[in-house]
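Chemist: Sharing a structure here in structure tokens format.
Nothing in this text is a laboratory measurement; each read-out follows from the coordinates by a stated rule. Just so it is clear, the structure is predicted and the values come from calculations on it, not from any experiment. Glycine gets a Cβ as well: all are built from the backbone with ideal geometry, and neighbour counts include every protein chain shown.
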Amino acid sequence: DLLYGKKPDDGNYYFTGWTVDDEDIELKNPDSSWTTFTMPARDVTLTCNFTKGQKYGLYVDGVQVMTENAKDILGNGVFTFNENTKTLYINDDYSTENSTLISCNYSFNDTLTITPKKDVTLSAKTHLIRFGGIDGIITGENKLTLKSGYGIYLEDSDFRIINANVE
């Protein structure tokens, strides 16, 4: 039987898993809201679970960061976001043809920390980092090389580089 757990329409919800009333029920893809299983000759209860998440005023290569994609924002392992510490981690080199790579605005409501997890190079057409009305920090022991037309653009923002190697 095919199962599909539809997330609620009212807000930012993300799939957190299935609850099954019996251990002998095996879901083919238990980490997906789409899955299949073999129906036994008895009643079973399966619950598709969703948790309300948060959307942030932070965008990476045009993709809005939210609870649902925080662990892998672009789906390629390069950018991750820790919701507790408000830290954007850069895990590998990245280049975009878009005009801005990392953009953060007033609705973020916090200080964004950017930390490379290893020596990385970022490139974008115009701005690598564009902040409007929020505070930001680049920190970490690894080298962050920025290649773009204008680099970092700040508007009404406090931006600091603390114990970091930025080129």
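Chemist: Once amide H atoms are built 1.01 Å from N in the peptide plane, which residues 5 or more positions from ILE114, or in another chain, come under 5 Å H to H?
Modeler: LEU88, ILE137, ILE138, THR139
Chemist: At a temperature of 20 °C and a viscosity of 1.002 mPa s, determine how fast the chain diffuses translationally according to Stokes-Einstein, using the Kirkwood radius over alpha-carbon pairs as Rh; express D in µm²/s, rounded to the nearest whole number.
Modeler: Estimated via Stokes-Einstein, D reaches 119 µm²/s.
Chemist: Which semi-axes, in whole Å and largest first, does the equivalent ellipsoid of segment 107-146 have when worked out from the alpha carbon gyration tensor as the square roots of 5 times its eigenvalues? Write out the running numbers ahead of the final one.
Modeler: Working: eigenvalues 78, 43, 7 Å².
The answer is 20, 15, 6 Å, longest axis first.
Chemist: Subtract the Cα-Cα distance of LYS118 and TYR150 from 0.36 nm times their separation in residues, and report this length gain in nm to one decimal.
Modeler: In short, 9.2 nm is gained.
Chemist: Would you please name the GluC sites (Glu not before Pro) within segment 1-99 that are DSSP coil residues with at most 16 other C-beta atoms within 10 Å of their C-beta?
Modeler: GLU23, GLU26, GLU83, GLU97
Chemist: Gain in length, ASP110 to GLU23, computed as 0.36 nm per residue apart minus the alpha-carbon separation, to one decimal in nm?
Modeler: 27.0 nm
Chemist: Which trypsin sites (Lys or Arg not before Pro) does segment 35-100 hold that lie in a coil by DSSP with at most 10 other beta carbons within 10 Å?
Modeler: ARG42
Chemist: Please compute the contact order of segment 112-167 in relative form: average sequence separation of alpha-carbon pairs under 8 Å and at least six residues apart, divided by the residue count, as a percent.
Modeler: 41 percent
Chemist: Expressed in whole Å with the largest first, what are the equivalent ellipsoid semi-axes of segment 4-98 derived from the C-alpha gyration tensor as the square root of 5 times each eigenvalue?
Modeler: Semi-axes, largest first: 34, 15, 11 Å.
Chemist: Hey, in the GNM for the chain with a 10 angstrom Cα cutoff, which one of ASP21, ASP119, ASP61 fluctuates hardest?
Modeler: Most flexible of the set in this elastic network: ASP21.
Chemist: Which residues among segment 49-90 fall inside the zone where the amide N is under 14 Å from a point 7 Å beyond the Cα of THR16, along Cα→Cβ?
Modeler: Taking a point 7 Å out along Cα→Cβ of THR16, the residues of segment 49-90 whose backbone N falls under 14 Å are 49-54, 67-68.
Chemist: Counting DSSP beta bridges with both partners in the chain, what percentage is antiparallel, nearest 5?
Modeler: If I count the DSSP bridges inside the chain, around 40 percent turn out antiparallel.
Chemist: For segment 23-30, what does the Karplus curve 6.51 cos²θ - 1.76 cosθ + 1.60, with θ = phi - 60°, yield as ³J(HN,Hα) per residue in whole Hz, taken in order and with x for Gly and Pro?
Modeler: My calculation for segment 23-30 gives 5, 7, 7, 10, 8, 5, 10, x Hz in order.
Chemist: Right, another one. Give the Rg (one decimal place) followed by the Dmax (whole number) of segment 75-164, computed from C-alpha coordinates and expressed in Å.
Modeler: Spelled out, the Cα radius of gyration and Dmax of segment 75-164 are 12.2, 32 Å.
Chemist: Another one. Using only alpha carbon pairs under 8 Å that are at least six residues apart, calculate the relative contact order of the chain and give it in whole percent.
Modeler: Over the chain, the number comes to 15 percent.
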